[in-house]
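The values are calculated or read from the model by the stated rules, or taken from the named source; none is laboratory data. These figures come from a predicted structure and were not determined experimentally. Glycine gets a Cβ as well: all are built from the backbone with ideal geometry, and neighbour counts include every protein chain shown.
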Amino acid sequence: MAALAILLGGCSGPDSTGTVDVRVARGSGSLAIGHTLRTAGLIDHPRVFSLYVRMRGVDQELKAGHYRFPEQARWPDLVDMMVAGSVVTIPVTFPEGFSLREAAPRLARITGVSADSILRLAEDTLLAAAIGAPGPTLEGYLFPETYRFAEGVDPIEALTAMVDRYQAFWGPEERARAESMGFSEREVVTLASIVEEEARHPEERPVIAGVYLNRLAIDMMLQADPTVQYALGAPRERLLYRDIDSVADNPYNTYTHTGLPPGPIASPGEAALRAVLEPADVPYLFFVARPDGSHEFTRTAREHINAKNRIRRESS
């Protein structure tokens with residue numbers, strides 16, 4: 001027993017305070033893991049380590065991945081970390097307003113799967129339904145936040161974690177508010193995604209939401225440039241009439257189709273979602289952007305044209 005106690009203490013000296021990076025390959029048994037740990041200088045006896053793991057009854061529970069073990073870790077500590085899957089995680093940030101096409105490359109870097117494959121998964125309507133997104137795809141439901149994912153994380157696991165974070169936004173009050181507005185969850189997120197793309201100044205989100213809700217109330221086309229950009233499939237620095245005409249039949253073109261598009265065009269953050277659920281009570285139907293990204297809001301088409309002309313003159 002004394003010999004086993006010495007083994008359990010590891011092979012590092014008492015003053016060791018560093019860490020050792022170890023990658024446990026998928027499908028590795030306890031003996032193979034023991035050899036990996038010996039190569040890393042953490043243990044001396046792989047076969048005895050394998051026996052210890054089996055005696056603990058966890059030989060089928062050691063998880064693969066990238067670990068960062070303390071140099072002085074005892075065998076129980078090493079095993080506990082692998083049973084828990086306490087792998088190294090990497091922070092990945094997804095800003096507000098990211099579309100699936102923008103999010104896919106970041107997920108590709110952390111998962112090791114190509115961006116095109118990630119995009120195909122995220123656009124799969126069956127997957128969206130399976131993990132509880134309102135659909136039609138995962139567009140709009142990968143909640144903007146900084147996540148910590150393990151290197152090589154399964155892409156579906158990562159996508160599910162992001163949708164789970166989105167779902168955490170929806171409590172009883174939010175659902176009741178959407179219902180009182182006559183909106184489905186998807187419709188709230190769809191409008192919020194447009195607000196997210198339009199607003200450059202946070203304080204304007206509720207006002208922009210109010211403008212669009214006023215338009216919807218009178219069956220007026222939203223005429224939201226970001227939806228046309230989405231229909232085009234690639235951003236344009238400046239949207240031209242011919243761009244709008246080129247996607248006239250696309251249901252995401254809110255210059256040619258009334259009402260909301262079929263689904264979100266990007267992932268709105270919490271502030272944009274709340275702006276739709278708690279919009280500003282404003283009389284406006286129009287807004288035009290100033291050079292600094294803020295907007296001038298107006299009530300009538302004549303006021304809107306005057307504002308556009310004035311801003312154009314002041315900017316030239």
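Filter segment 243-255 for residues that are farther than 21 Å from G135 by Cβ, in a loop (DSSP other than H, G, I, E, B) and without any contact (Cβ under 8 Å) to a residue 24 or more places away in the chain and give the result.
Answer for segment 243-255, where residues must be farther than 21 Å from G135 by Cβ, in a loop (DSSP other than H, G, I, E, B) and without any contact (Cβ under 8 Å) to a residue 24 or more places away in the chain: V247, A248, D249.
Determine if segment 228-240 includes at least one residue that is farther than 11 Å from I265 by Cα, modelled with pLDDT of 95 or more, among the acidic types (D, E) and not in a helix (DSSP H, G or I).
So far as segment 228-240 goes, no, none of its residues is farther than 11 Å from I265 by Cα, modelled with pLDDT of 95 or more, among the acidic types (D, E) and not in a helix (DSSP H, G or I).
Residues to consider are A231, A199, A176; find the one that is farther than 30 Å from Y67 by Cβ, touching a helix residue (DSSP H, G or I) at 6+ places or on another chain (Cβ under 6 Å) and among the small types (G, A, S).
A199
Conditions tested, residue by residue: (1) of a type in the set (S, T, N, Q); (2) modelled with pLDDT of 95 or more; (3) closer than 14 Å to V83 by Cα; (4) in contact with a Cys (Cβ under 7 Å, 6 or more places away or on another chain).
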{"position": "P14", "(1), (2), (3), (4)": "no, no, no, no"}
{"position": "R26", "(1), (2), (3), (4)": "no, no, yes, no"}
{"position": "A32", "(1), (2), (3), (4)": "no, yes, no, no"}
{"position": "F49", "(1), (2), (3), (4)": "no, yes, no, no"}
{"position": "K63", "(1), (2), (3), (4)": "no, no, yes, no"}
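Taking only segment 144-161 into account, find how many residues are surrounded by 17 or more Cβ atoms within 10 Å (Cβ to Cβ) and touching a Pro at 6+ places or on another chain (Cβ under 9 Å).
Number satisfying all stated conditions: 3.
Given the conditions (1) over 30 Å from P46 (Cα atoms); (2) in contact (Cβ under 8 Å) with a residue 60 or more places away in the chain, which single one is not true for R74?
(1)
Out of the residues in segment 56-110 that are part of a strand (DSSP E or B) and among the polar types (S, T, N, Q), which is farthest from E157 (Cα to Cα)?
Among those that are part of a strand (DSSP E or B) and among the polar types (S, T, N, Q), it is T93.
Considering only residues that are surrounded by 19 or more Cβ atoms within 10 Å (Cβ to Cβ) and either in the same structural domain as H201 (by TED's automatic domain parsing) or at positive phi (or both), which ones fall in segment 93-119?
G97
Is segment 45-57 home to any residue that is surrounded by 15 or more Cβ atoms within 10 Å (Cβ to Cβ), within 19 Å of D21 (Cβ to Cβ) and in contact with a His (Cβ under 6 Å, 6 or more places away or on another chain)?
yes
Would you confirm whether or not segment 206-225 contains a residue that is touching a residue at least 40 places away in the same chain (Cβ under 8 Å) and under 22 Å from the mean Cα position of the chain (by Cα)?
no
Hydrophobic (A, V, I, L, M, F, W, C), out of contact with any helix residue (DSSP H, G or I) (no Cβ under 8 Å at 6 or more places or on another chain) and farther than 14 Å from G259 by Cα: is that true of M162 in this structure?
Against the criterion (hydrophobic (A, V, I, L, M, F, W, C), out of contact with any helix residue (DSSP H, G or I) (no Cβ under 8 Å at 6 or more places or on another chain) and farther than 14 Å from G259 by Cα), M162 qualifies.
Just to be sure, is A272 more than 27 Å from R312 (Cα to Cα) and in contact (Cβ under 8 Å) with a residue 24 or more places away in the chain?
So A272 fits the description; yes.
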